[in-house]
1. At a probe radius of 1.4 Å, what is the per-residue accessible area of Asp137, in Å² to the nearest 10?
2. Any idea what the relative contact order of region 576-673 is, in percent, if you count C-alpha pairs under 8 Å spaced at least 6 apart?
3. Can you give the accessible area of Val259 in Å² (nearest 10), computed on protein heavy atoms with a 1.4 Å probe?
4. Taking amide H positions as placed 1.01 Å from N in the peptide plane, with prolines and chain starts having none, which residues 5 or more places from Gln258, or on another chain, fall under 5 Å of its amide H?
5. I need the phi-derived Karplus couplings for region 639-652: 6.51 cos²θ - 1.76 cosθ + 1.60, θ = phi - 60°, integer Hz, Gly and Pro marked x.
6. Diagonalise the Cα gyration tensor of region 167-214 and give the resulting equivalent ellipsoid semi-axes, square root of 5 times each eigenvalue, largest first, whole Å.
7. Go through region 614-626 residue by residue and turn each phi into a ³J(HN,Hα) via Karplus (6.51, -1.76, 1.60, θ = phi - 60°); whole Hz please, and just put x for glycine and proline.
8. Quick one: accessible surface of Glu502, probe radius 1.4 Å, all protein chains present, in square angstrom to the nearest 10.
Amino acid sequence: MDCTAVAFEMSVFPFMVFLFFSNELVLESSAGTPVYNAELPSRITALSGSCVQIPCKFEVPADELKKAGSMFGVWIKHGHAFREPANLVVYNGSTNISTGFSRIEITGNLSQCECTTVFYDVMNNHSDNYFFRVEIDPQDWNYSYKNPINIYVSDSPQPLIFKPTDLKEVMENTTVNLSCSAEAPCPKQAPTISWSYIPESAHITAQLQEKPDKTQSVFSHMTFKASYVDHRKNISCTATYPRKTSNDSTVETTVMLQVLFPPKETRITIDQSASVSVGTNVTLTCKSKANPSNTMTFSWYKRGQDNQLDLGEQLIFTVNRSSGGWYFCIAKNEHGIQRSEEIQLIMEDQSLIIGCVVGVSALLLTLLLITLFLRVQRVKASTIMETDVSDQGQEKQVQTIYANGGFVSGEELEMPNDENDIVHYGEIDFSTPQTKITPVQGSGQETVYAEVRGPGKEMNQDYDSIVFHSVLKMYIIPFMAFLLITCEVVLISSETRVYNAELPSRITALSGSCVQIPCKFEVPADELKKAGSIFGVWIKHGHAFREPANLVVYNGSTNISTGFSRIEITGNLSQRECTTVFYDVMNNHSDNYFFRVEIDPQDWNYPYQNPINIYVSDSPQPLIFKPTDLKEVMENTTVNLSCSAQAPCPKQPPTISWSYIPESAHITTQLQEKPDKTQSVFSHMTFKASYMDHRKNISCTATYPRKTSNDSTVETTVMLQVLFPPKETRITIDQSASVSVGTNVTLTCKSKANPSNTMTFSWYKRGQDNQLDLGEQLIFTVNGSSGGWYFCIAKNEHGIQRSKDFQLIMEELSVPLIAGCVGGILALLLLFLLATLLKRAQKARAFSESIVRDTDQDHEIDCIYVNDFIKRG
């Protein structure tokens, strides 16, 4: 083996390897040995088809930051080395070019060491580690931070965080606080949160919140007073994420609310009509809502009796004549008691039959008295007519004639006083039908007497007929008409005064849902004070209670609904409140509905004449969006938007969600009462207008739960117009930033602004005071002095902004650097060669001297010794 070759292999190759590694380290960083860190989350989960925002801050020497002319951010996938081909530079801030992504935008202010970045339209193949790098010019200081962020892209959103995680039983009227949090990997496309069930007293707020690792989430908080109507209600929180690649993604979590409460809605039902007959079996059932219900007890009572009738949910007995009256039950559990409204058991053989018998008897008695009166009058007339007139004087005869001929008896008739008048007297004889003329002699006068005789029986019959018909016409018929009218009025109402029910004139319900009718009514105060029990009645189409053409859809005395799955009076009737909920309304339920109140034991009832018109529609009412005309707003001004959805059934209210929520938005949602006492769900969003909100479509969507089909939605959309000065001003180039002499270069100044049609652009080069050009583009042919830092200024009526400096690198400027590197390497190799030759000469000289001293030694041994000497250096 050649000794020189061995020496070259052991010395030259290690030195060259060391030289190249040193050169690579110098090219990679000129910052020296200090280690700097970037403040990043270790991991973030993004949703495919959406964007992801990386919160980012970085360390940099303070003196470098002060001297900085321009700063650029760089994102590198998979590794932190900037020039290694195995790692991909996905974004270079100096050229503003994104690789592998549709768009990457650094939203943080680099001059304040903020590097927050948004990656748009991420896909599953983007899952990897990403490193941040900063470059500062003109100092030529740059640094790749060694701690990455791991972006994991998923096809499904992250699970919601629901608190409390264990929803235990709560006592009625206690305050319940529920919160629902959804990850917002991209606050620019934040999810919307909606609740499936909103209690009547609920107050909801929603806002973006920053977590300790600087990532964000949408947080919604609902607080309400627990009510028995909320018991066993499923409360769902749903987050909807907008996506570009497919349909929006949703994630949901559901809990069931358990409310402890005393008996409510205690009432009595009967297995048949409340009107029963003697000998029949009756079953009264006491129904009540309570929690816990398995420990509830029932006791039965009858008004007027102090003793308890029975225990248990049902009261069963055989009806006797003393069974009629008012019954009530009392339900009890460990949280309280409640007494039911009284129910009246009416015996069929009592009031109505007795009334009819008495009425008919009174009518017959009246007719009998009239008949007897007529008979007496006829007898008197016959007695007067049969009086003998033969033995009586002229005056008596005349009076008798007048008495017989005057149905107008009692009136006095005057005789003629004229002495010259000739008076003829007539005698009427009813004994025989013959008529004869009997002359009578008088002194000085000739008197003629007339005797009239007729059929007495026939004349009496005519007289009775005339009198009977006269009395029938004048007394009996009017009396009977009066009696009938009075009975009808009594059946319809026991009061003549007009009372009113306070109802909306019209309400629109959604088919498959329920509708709540706000209702109050007037009633005499004295009747209300004496009331034992009060019942409400709802009548369809008309107010008359007993007319068959009108339908009683609900009768509170029996708690029976007709034509509806269920009707419930939720108002307190003893306080004149008759608010009622009609469940599962359908299109055929559209009609007028009248309310009627019944008070016992006074037997006071009243049908109110003013109805409510319920119109059932298959589509929800349009939303009320304010302001109706969303004009342009200036950046940083406060914007207030409100969206109101009709809630015809507050027990099943709609949920309101917003399609776009600005980063600074604060949202409140609650039920509100309108002037006509109907309710609506009102959502209010307030935020500071930002240029990023410009031309964003803000949609308000109300979702109504329905039983008959899928939930119904109604939506309204407005576009936000924001006035703002130039933002995100930057320079782009139509080719690489490294160019050669003689090529044409086009630099474009891009900026966002509103209005943008009045925006102007001006161009400058660092180190030159004069303006280069005006216009969106700067076009020139490269010469030897074209290299350097360029910037542009964008301006509109609201302000100006300067772009980051853009470096144009001349390709020929790199030749001296290459020549210098090559020359340096050759010089090092030459020095190394000279040193090697000098060392070999010294070794050769020593080798010659060794041969002279040891001539007797073998050549092979000498060679070995020389080799060993060379190895020892």
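The values are calculated or read from the model by the stated rules, or taken from the named source; none is laboratory data. Predicted, not measured: the structure shown is a model, and the values here were computed from it. Note that we place each Cβ from the backbone using ideal geometry, even for glycine, and neighbour counts take in every protein chain shown. For the accessible areas, the whole protein counts, side chains as well, though only heavy atoms, and no ligand, DNA or RNA atoms are used. Shrake-Rupley method; radii C 1.70, N 1.55, O 1.52, S 1.80 Å.
1. Surface accessible to solvent at Asp137 totals approximately 20 Å².
2. Relative contact order comes out at 19 percent.
3. Spelled out: Val259, probe radius 1.4 Å, area about 0 Å².
4. For Gln258, whose amide H was placed from the backbone, the distant partners under 5 Å are Val170, Arg232.
5. Residue by residue, region 639-652 yields 10, 10, 10, 10, 9, 10, 10, 4, 10, x, 10, x, 6, 10 Hz.
6. Values: eigenvalues 152, 35, 16 Å².
Equivalent ellipsoid of region 167-214: 28, 13, 9 Å, largest first.
7. Rounded to whole hertz, the list is 9, 10, 9, 10, 7, 10, x, 5, x, 6, 9, 10, 10.
8. Number for this one is 110 Å².
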